[in-house]
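Everything below concerns the one structure shown next.
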Amino acid sequence: MKTTYILSALALLTLPLAAQVSFSGSYTENFNSMGTAGTAPPTGWKHLSFSMTTANTTWTDATGILANGTNSVASIAVTVASTTLAATSAPTGNQNNGYNAAASAGATTDRVIATAPSSVTGTGIQAALTNATATTITSLKIAFDTVRFTAVGSANELPGYWVFISTNGTSWTNLTPNPTITTVPNTVGVTASTLTATGLSIAPGATFYVRWLDDNAVATSPDQIVGLNNVAITLPVVNALPTAALTAPTAGATFDAPATVNLAATATDTDGTISKVEFFRGAIKLGEDTTSPYEFAWTNVLTGTYALTAVATDNLLGTATSTPVNITVTNADNVAPTVSLTAPANGATIVTSSVALAATAADTDGVVSKVEFFNGATKLGEDLTSPYTYDWASVATGNYTVTAVATDNDTATTTSTTVNFSVAVPISSTLIARRPAGQPGAIWKYLDTGTDQGTAWKETGFNDSAWSSGAAPLGYTDAHIVT
């Protein structure tokens with residue numbers, strides 16, 4: 001951690017009085033004009049120092065760098081650092097005045113403004129530009145390189161530069177996304193970034209400011225030294241969209257199915273090139289062509305009415321859709337489909353109450369829309385896709401005649417040859433075995449002396465203890481049992 005010093009409050013600096021550079025829609029700065037010994041930033045540029053008594057604990061990973069309000073870019077006392085940049089080929093230590101550094105080891109012409117804050121909240125680099133265009137600027141694209149001069153042992157706190165823009169020098173807007181340890185790692189190298197500022201209102205002749213802020217980190221001491229290079233501030237490219245026209249087929253054209261429809265289109269782009277032309281039937285893409293002449297052959301087109309369009313895409317991904325062209329495809333000489341019932345086999349006997357029906361169907365000049373299954377004149381069910389099947393359940397014992405009917409996309413139908421089969425559903429029954437000889441069962445009492453016993457023996461209280469006994473046969477109420 002760097003040493004923190006108590007600094008007296010400095011007057012808040014409003015910065016529109018500094019020299020500006022003219023912005024006519026595109027501005028670049030690579031800092032090479034500073035040379036190897038220059039100690040002043042280029043015209044319109046300043047190196048800033050942000051001072052608070054809390055120094056390096058003001059901006060942290062938890063707080064970020066605030067644009068406005070307490071402890072923000074707008075409210076912290078800021079001074080313009082001495083115009084004396086430290087010229088060096090390889091910055092290695094803290095330097096609140098900033099460095100004029102070589103972009104890479106040994107480079108003599110490629111220069112960078114580098115920052116290495118110490119004992120302050122942070123340091124920054126600012127560019128002031130005046131709108132020299134004839135229109136109000138509402139958005140800007142800001143590209144730059146962050147040069148990472150040193151490697152540090154711990155992960156950077158708020159690594160790299162946070163970028164802010166102001167149209168008045170007093171209130172600021174943070175341009176996101178802000179850098180992270182992933183995009184600006186704690187290693188030596190270069191990170192290229194491009195940010196977009198929107199919602200601006202910079203009138204012709206007005207000045208705007210862009211700041212790159214480098215905090216005074218707590219996590220490491222010294223901080224990773226970083227530098228700014230290859231700045232490009234431009235107006236976002238406004239892409240002129242391409243044009244597209246479907247030149248074939250002609251509107252209202254008719255075709256005989258199955259048809260081949262040859263599509264053709266023209267496409268132009270006034271500020272770029274055509275990358276591709278796609279051909280659509282409604283929302284369904286048929287194909288594309290990447291080179292002129294733009295053509296596509298749509299084959300095997302079936303009966304129907306179709307709305308066709310061409311969509312041109314330019315080199316900046318701008319698109320244009322042609323006016324729809326409507327065509328009609330008919331099939332006056334439609335050939336009916338073919339169909340064959342493949343299961344069950346003719347003459348089969350099925351010993352279950354469930355019968356699996358199956359059929360094959362084809363159409364030489366279209367497609368099969370459905371196959372229906374019939375028991376006589378009664379429709380059992382249908383299938384819209386091949387393989388065409390139907391599971392007929394709960395079929396009773398009996399004889400049946402079934403057929404399959406195929407319908408094509410032009411509503412022509414064909415009925416298969418009939419198939420006759422029988423169903424024999426097994427009957428459940430209970431078998432009762434007679435008592436095997438010699439095993440105990442019901443006992444009958446009997447008298448076989450041939451004497452007439454009158455009617456007394458039929459009474460429930462009759463004493464038959466003297467009678468003989470024997471096992472009774474099962475089913476004594478059967479016809480052959482006489483009692």
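The values are calculated or read from the model by the stated rules, or taken from the named source; none is laboratory data. If you're wondering where the values come from, they're calculated on a predicted model, not measured in any experiment. Backbone-built Cβ (ideal geometry, glycine too); neighbour counts: all protein chains shown. These accessible areas exclude ligands, DNA and RNA; they are computed on the full protein's heavy atoms, side chains included. Shrake-Rupley method; radii C 1.70, N 1.55, O 1.52, S 1.80 Å.
Could you give each residue of region 115-131 its phi-based ³J(HN,Hα) in whole Hz, using Karplus coefficients 6.51, -1.76, 1.60 with θ = phi - 60°, and x for Gly or Pro?
Ordered by residue, 3J(HN,Hα) equals 10, 8, x, 8, 6, 9, 5, x, 10, x, 10, 10, 10, 10, 10, 10, 5 Hz.
What does the charge count around N30 come to, taking other residues whose C-beta lies under 11 Å from its C-beta (Lys +1, Arg +1, Asp -1, Glu -1)? Please report the intermediate quantities before stating the final value.
On the way: positive: R111; negative: E29, D110, D145.
Charge balance in the 11 Å sphere: -2.
For K276, go through the aspartates and glutamates and keep the ones whose alpha-carbon is under 20 Å away, minus same-chain ones fewer than eight residues off.
Correct list for K276: E288, D289, E295, D314.
On a straight-distance basis, which lysines could pair with K379 in a cross-link, Cα separation under 30 angstrom, same-chain partners fewer than 8 positions away excluded?
Correct list for K379: K370.
Tally the DSSP beta bridges in the chain and give the antiparallel ones as a percent, rounded to 5. Can you show the working numbers first?
Values: 121 of 133 bridges.
Antiparallel bridges make up about 90 percent of those DSSP assigns within the chain.
So, taking all protein chains as they sit and a 1.4 Å probe, how much accessible area belongs to R148, in Å² rounded to tens?
About 20 Å², ignoring ligands and nucleic acids.
Can you list the HN-Hα couplings for region 404-411, worked out from phi with the Karplus curve (6.51, -1.76, 1.60; θ = phi - 60°), rounded to whole Hz and with x for Gly and Pro?
10, 10, 9, 10, 9, 5, 9, 6
What's the local net charge at P337, with K and R +1, D and E -1, over the other residues with C-beta under 9 Å away?
Values: positive: none; negative: D363, D408.
Charge balance near P337 sits at -2.
For Rg and Dmax of the Cα atoms in Å, pick the label among [x] 27.3, 87; [y] 28.5, 96; [z] 47.9, 155 that corresponds to the value derived from the coordinates.
Computed from these coordinates, Rg and Dmax of the Cα atoms in Å corresponds to label [z].
Could you give the C-alpha radius of gyration of region 213-368 expressed as a fraction of 2.2 N^0.38 Å, taking N as the number of residues it contains?
Rounded to two decimals, the normalised Rg is 1.96.
Counting only the heavy atoms of the protein chains, how much of L235 is accessible to a 1.4 Å probe, in Å² to the nearest 10?
70
Arranged from highest to lowest average of other beta-carbon atoms within 10 Å per residue, in what order do the peptides 462-468, 299-305, 176-182 appear? Provide the component values of the computation, followed by the final result.
Values: 462-468: 10.6, 299-305: 14.6, 176-182: 12.9.
Put in order of decreasing packing, that is 299-305, 176-182, 462-468.
Counting Lys and Arg as +1 and Asp and Glu as -1, what is the net charge of the other residues whose Cβ lies under 12 Å from the Cβ of T180?
In short, -2.
Top to bottom by accessible area (1.4 Å), largest first, where do D214, D110, D391, D289 land?
Working: D214 10, D110 55, D391 115, D289 30 Å².
Per-residue accessible area, sorted high to low, gives D391, D110, D289, D214.
Quick one: which residues, 5 or more positions from N156 or on another chain, have an amide H under 5 Å from its amide H? H modelled 1.01 Å from N in the peptide plane, none for Pro or chain starts.
N186
Given a Förster radius of 30 Å and the C-beta distance between T254 and T319 as r, what FRET efficiency does 1/(1 + (r/R0)^6) yield to the nearest 0.05?
Here the calculated transfer efficiency is 0.50.
Quick check: pseudo-label points 7 Å beyond the Cα along Cα→Cβ at L200 and E459, how many nm apart are they?
Calculated label separation equals 13.1 nm.
What ranking of D452, D269 comes out by heavy-atom accessible area, probe 1.4 Å, highest first?
Highest to lowest solvent-accessible surface, that is D452, D269.
Treat each spin label as a single point 7 Å out from the Cα along the C-beta direction, and report the T109 to N262 distance in nm.
5.7
With r defined as the distance between the Cβ atoms of T43 and A132 and R0 fixed at 22 Å, what FRET efficiency is calculated, to the nearest 0.05?
0.95
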